[in-house]
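These notes concern the structure reproduced below.
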Number of protein chains: 2
Amino acid sequence: MTDPYAFQLDPQLEKDTVLISDWHLCQVRLMNDSRYPWVILIPKVDGVSEIHELAEEQQQLLLGESMRLSKALEQLFSPHKLNIAALGNMVRQLHVHHIVRFENDASFPKPVWGVGDAVPYDPEALDETVNGLQIAFELL
Amino acid sequence: MTDPYAFQLDPQLEKDTVLISDWHLCQVRLMNDSRYPWVILIPKVDGVSEIHELAEEQQQLLLGESMRLSKALEQLFSPHKLNIAALGNMVRQLHVHHIVRFENDASFPKPVWGVGDAVPYDPEALDETVNGLQIAFELL
């Protein structure tokens, strides 16, 4: 079901994100945009663009991994709100955004998409953020 | 758990939407914006603004109802893409958008939020849309 040899990460997602963890169903990747803690779950299943196209067992795994990620983001960042979304208008490969929102962030209360340009992390901050998330995942 | 006496629909959601169906966990409501087939699931649980705050059993029900709705939208409308999102930056009561997107719709490929103004259905089209969805739900 999650045979890595059958999974090809979309090149745009690969370009915009860095790998944090590899879970049972999903790759967990950080959006390289320091304006928001923004993590994307990408089920390692080729040819799927909608959640309901996943097998039921995969849907359950996605829910579980989304909740695990949400709890980690809440513990690490104490957000005002999480934004969780499967859009896919630009990149059809199924991917689920999990974005930590604060009332003073770059686009609040609007959604983040299409507002300004991404501000890539500097290398140290990128390492710190990835490490912080990896540790939070282990504690959950 | 879903005692209706313990659930108060947010006034903004009530104003923007009309009831289509009442499911086990969620109210199923149509956004009164004829630019997109746009249906919102609102778990009948007070005081919850994040999916991970639901009890695990409620999370499972939400997943099931979201998939049922997604399949109905796909069958009725054959969308280019579904957009599914729990944002809640404006209205904190947990609600999950399910929006049917086409490449020629009013905001594609952007997300729908904040693009132009809602175009309310005329009464006949509203009835037709609600009835069409109710019938599709019964067939699934």
Among A:VAL18, A:VAL45, A:VAL39, the single one that is of a type in the set (A, V, I, L, M) and surrounded by fewer than 17 Cβ atoms within 10 Å (Cβ to Cβ) is A:VAL18
Selection from the range A:4-17 of residues of a type outside the set (A, V, I, L, M) and assigned to a helix (DSSP H, G or I) yields A:PRO4, A:TYR5, A:PRO11, A:GLN12, A:GLU14, A:LYS15, A:ASP16
Subset of the range A:117-138, residues in contact (Cβ under 8 Å) with a residue 12 or more places away in the chain and either β-branched (Val, Ile, Thr) or not in a loop (DSSP other than H, G, I, E, B) (or both), comes to A:VAL119, A:ALA125, A:LEU126, A:THR129, A:VAL130, A:GLY132, A:LEU133, A:GLN134, A:ALA136, A:PHE137
Among B:GLN75, B:GLN12, B:GLN8, B:GLN58, the single one that is within 24 Å of A:LYS110 (Cα to Cα) and of a type in the set (S, T, N, Q) is B:GLN12
Considering the range A:58-96, residues that are farther than 14 Å from A:VAL28 by Cα and among the small types (Gly, Ala, Ser), and then whichever is surrounded by the most Cβ atoms within 10 Å (Cβ to Cβ), we arrive at A:GLY88
Counting only residues in the range A:115-130 that are loosely packed, with under 15 Cβ neighbours inside 10 Å and of a type in the set (Val, Ile, Thr), the one farthest from B:GLY88 (Cα to Cα) is identified as A:VAL119
Counting only strands (runs of 3 or more DSSP E) entirely within the range B:18-116, those with at least 2 residues that are without any contact (Cβ under 8 Å) to a residue 24 or more places away in the chain are B:26-31, B:81-86
Quiz item: Would you say A:VAL112 is over 13 Å from the mean Cα position of the chain (by Cα), among the β-branched types (Val, Ile, Thr) and buried (at least 20 other Cβ atoms within 10 Å of the Cβ)?
Solution: yes
(request) Determine whether the range A:119-137 contains at least one residue that is of a type in the set (Phe, Trp, Tyr) and under 14 Å from the mean Cα position of the chain (by Cα). (result) yes
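Residue-by-condition table, conditions (1) in contact with a strand residue (DSSP E or B) (Cβ under 7 Å, 6 or more places away or on another chain); (2) facing another protein chain (nearest Cβ under 9 Å); (3) within 19 Å of A:ILE99 (Cα to Cα):
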{"residue": "B:ARG29", "(1), (2), (3)": "yes, no, no"}
{"residue": "B:SER34", "(1), (2), (3)": "no, no, no"}
{"residue": "B:TRP38", "(1), (2), (3)": "yes, no, no"}
{"residue": "B:VAL48", "(1), (2), (3)": "no, no, yes"}
{"residue": "B:ILE51", "(1), (2), (3)": "yes, yes, yes"}
{"residue": "B:MET67", "(1), (2), (3)": "no, yes, no"}
{"residue": "B:ASP105", "(1), (2), (3)": "no, no, no"}
{"residue": "B:GLY116", "(1), (2), (3)": "no, no, no"}
{"residue": "B:TYR121", "(1), (2), (3)": "no, no, no"}
Of (1) within 11 Å of chain A (Cβ to nearest Cβ); (2) modelled with pLDDT under 95, B:ALA86 satisfies every one except (2)
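The values are calculated or read from the model by the stated rules, or taken from the named source; none is laboratory data. None of the values given here were measured: they were computed from a predicted structure. Note that we place each Cβ from the backbone using ideal geometry, even for glycine, and neighbour counts take in every protein chain shown.
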